[in-house]
1. Among 43-50, 66-73, how do they line up by average Cβ neighbours within 10 Å per residue, starting with the highest?
2. Using amide H atoms built 1.01 Å from N in the peptide plane, name the residues 5+ places from Phe6, or on other chains, whose amide H lies under 5 Å from its own.
3. At 0.36 nm per residue, minus the direct Cα-Cα distance, what do His98 and Gln29 gain on full extension? Give it in nm, one decimal, please.
4. Give me Asp92, Asp31 sorted ascending by neighbouring Cβ count inside 10 Å, so fewest comes first.
5. How long is the gain from Asp14 to Tyr117 if the chain were fully straight, where each residue apart is worth 0.36 nm and the alpha carbon distance is subtracted?
Amino acid sequence: MRVPEFNAKWAVRDHGLRHLITEMGREAQEDWPLGRLYADLLRIGIQSQLVQKYASEPVHVPESKGGLIMPRLRRALEYITENLESDLRLEDIAKELHLSPFHFVREFRSSTGQTPYPILAQSTYGEGQDALKDRERLHSGGRVGLRL
């Protein structure tokens, strides 16, 4: 694995990077309400933006295909977090996003690398909140680091 080197040409007006950093800062200020999965996705997004735009030598980062756009993924995680105490079903989350359950699972997995089933299964046994809010991992995942 090669560690990228960076040019000193940081763009103050990089709207994509600014959005990701602002979102991570907001999450950190609110004590990570959407959990480690969302924090990890933000971290990966920031790393990807830095490597693609500012590395001195181009680094190939495979383009993701499909998946939920960040606002929809955020809404799904918010809905899960808000309803952990209830008997949450996959159909409920999909309906909240105006998707079929099949399409929601496929897009969620494409975005996150995992299905929502572990979170839902754990919430059934009262452990879902722990799955979404693993504080120790979140705080270490919230630091931006570049390991490719």
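1. Working: 43-50: 18.0, 66-73: 15.0.
Averaged packing, sorted descending, gives the order 43-50, 66-73.
2. Ser56
3. Gain in length upon complete extension: 21.9 nm.
4. Result, fewest neighbours first: Asp31, Asp92.
5. Numbers: separation 103, 0.36 × 103 = 37.08 nm, distance 3.56 nm.
Difference between extended and current length: 33.5 nm.
A short reminder: the numbers here are calculations on the coordinates, not readings from a lab. Not measured: the values here are computed from a predicted model. Here the Cβ is made from the backbone with ideal geometry for all residues, glycine too, and neighbour counts use every protein chain on show.
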